[in-house]
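The values are calculated or read from the model by the stated rules, or taken from the named source; none is laboratory data. It should be emphasised that the depicted structure is a prediction, and the values quoted were computed from it without experimental measurement. Please note: Cβ atoms are built from the backbone with ideal geometry, for glycine as well, and neighbour counts cover all protein chains shown. Note: areas computed on protein heavy atoms with side chains; ligands, DNA, RNA excluded. Shrake-Rupley method; radii C 1.70, N 1.55, O 1.52, S 1.80 Å.
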Amino acid sequence: MLARKGWSVRIHERSPAIREIGAAISLRNNSISVLERCEAFDRLRPEGSLLSREQHFDRRGRLLQERVTTGQRTIILPRQILVEGLAAAAREAGAEIVLSSTIVSADASGALIDATGRRFGADLAIAADGLHSKIRAALGLHATVRELGTRINRFLVPTQEFTTADTKVEHWSGERRVGILPAGPGRSLIYTVMSARDQAACRLPIDVGNWTRAYPMLEPVFKLLAQQDTTQFSYPLVRCRSWHCGRVALIGDAAHAMPPTLGQGAGLTLMNGYALSELVSGSFDVATALSMWETAVREITDATQRWSLRYDRITGNLPRGLGALRPHVIWTIGRFKPLYERMRVADLGLPLIEQKIREACGPRVT
Ligand SMILES: Cc1cc2nc3c(=O)[nH]c(=O)nc-3n(C[C@H](O)[C@H](O)[C@H](O)COP(=O)(O)OP(=O)(O)OC[C@H]3O[C@@H](n4cnc5c(N)ncnc54)[C@H](O)[C@@H]3O)c2cc1C
């Protein structure tokens, strides 16, 4: 987005290739709108599945609740396809991507220092270096970084036999959840979520007998998953007092990693990145623009992070005895529109952020 606005952009990536782990990703309305604005969505759309329905079932396969998504777009895309599409769009806009380039430090002037000691001066540096950001530490931007007590396994499988082309299905049993989503032609994303205390559920490869006891109807799914490779992830949390220092901005998980319960970690990263590119391309100096940027985007991000934590508590960590209430709590939030809209403020957050940018910069943003 910066390169399209005439900036000279260089991206330092420590890996020797543009690659992702973690199966597939769900991107909601705000992310799709940003991808459309940088003309990356058309190439991604055929590779993903647009959802129009969400269903929750109990362990015996009884429908607990159903939501038809109207006016809200969600696409499920293989992560590798997303990062390759973004890299191609960046290169087409003129950005240079330097692979095998690890940044170890930065200073407030916007300079980056790589692992060989080389210093790269810049008008603006953006640290999108993830959960354990080295740049955040180098700038002294104090952050709380936590690993929560929920674990998730994700699998990208070459079949859609366990769902339909437009429906997300979640199966609930005690503290465990199994999600099945279409993820583009002939593919599905399947995830299993459990407490870190539940050692049998955390075992990899999947323990088919144990999981089948929790979900008798899903035995064929677990048999398939037992043959697949995956990496288990913890739900992360990063809380950072400030997201900028001089001419350096922190973005993405480096600034605000959150449990993936609302599917908005990357979505907020895209949306906040869009806002940043608009504000630093206005008529303010970079340090002032970064301060305005944080003011414009922080509220929606912080609210979404709080709700993603609440959702994790409700779905996984309710006190013993209250577990049976879990589907009812979620059902009530879904039915009570003002509450649901607060929880999902990021999904429709782009117009709110654009309004704030317009107030700051004048009516240039459309
Ligand atoms: C289980 C799980 C499921 C999720 N599901 C969703 C979802 O459905 N929808 C959604 O919107 N979000 C989801 N998220 C959140 C989303 O994955 C993250 O918010 C997003 O990947 C953050 O992107 P990022 O660029 O900030 O960090 P990362 O994805 O961590 O990328 C950081 C990049 O920086 C590179 N790097 C790191 N350090 C250095 C360095 N020192 N020098 C150079 N390069 C460096 C890394 O190699 C990497 O390429 C999920 C997260 C988890 C854990």
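Residue 41 satisfies every condition listed in (1) more than 12 Å from the ligand (Cβ to nearest atom); (2) in contact (Cβ under 8 Å) with a residue 24 or more places away in the chain; (3) not charged (D, E, K, R) except (2). Checking the range 249-260 against the condition returns no match, with no residue being in contact (Cβ under 8 Å) with a residue 60 or more places away in the chain, farther than 27 Å from residue 291 by Cα, in a loop (DSSP other than H, G, I, E, B) and within 11 Å of the ligand (Cβ to nearest atom). The residue list 84, 47, 92, 66 contains one member that is within 15 Å of the ligand (Cβ to nearest atom) and not polar (S, T, N, Q), which is 84. Counting only strands (runs of 3 or more DSSP E) that fall entirely inside the range 1-79 and contain at least 1 residues that are open to solvent by 40 Å² or more (accessible area, probe 1.4 Å) and farther than 30 Å from residue 178 by Cβ, the qualifying elements are 10-12. Of note, residue 76 does not satisfy the criterion of being touching a helix residue (DSSP H, G or I) at 6+ places or on another chain (Cβ under 8 Å) and of a type outside the set (D, E, K, R). Across the range 281-308, the number of residues qualifying as open to solvent by 10 Å² or more (accessible area, probe 1.4 Å) and among the β-branched types (Val, Ile, Thr) comes to 4. Among the conditions (1) touching a residue at least 40 places away in the same chain (Cβ under 8 Å); (2) away from the ligand (no atom under 11 Å from the Cβ); (3) touching a strand residue (DSSP E or B) at 6+ places or on another chain (Cβ under 9 Å), residue 160 misses just one, which is (1). Which residue, of 271, 292, 258, 343, is touching a Pro at 6+ places or on another chain (Cβ under 9 Å) and on the phi < 0 side of the Ramachandran plot? The conditions single out 258.
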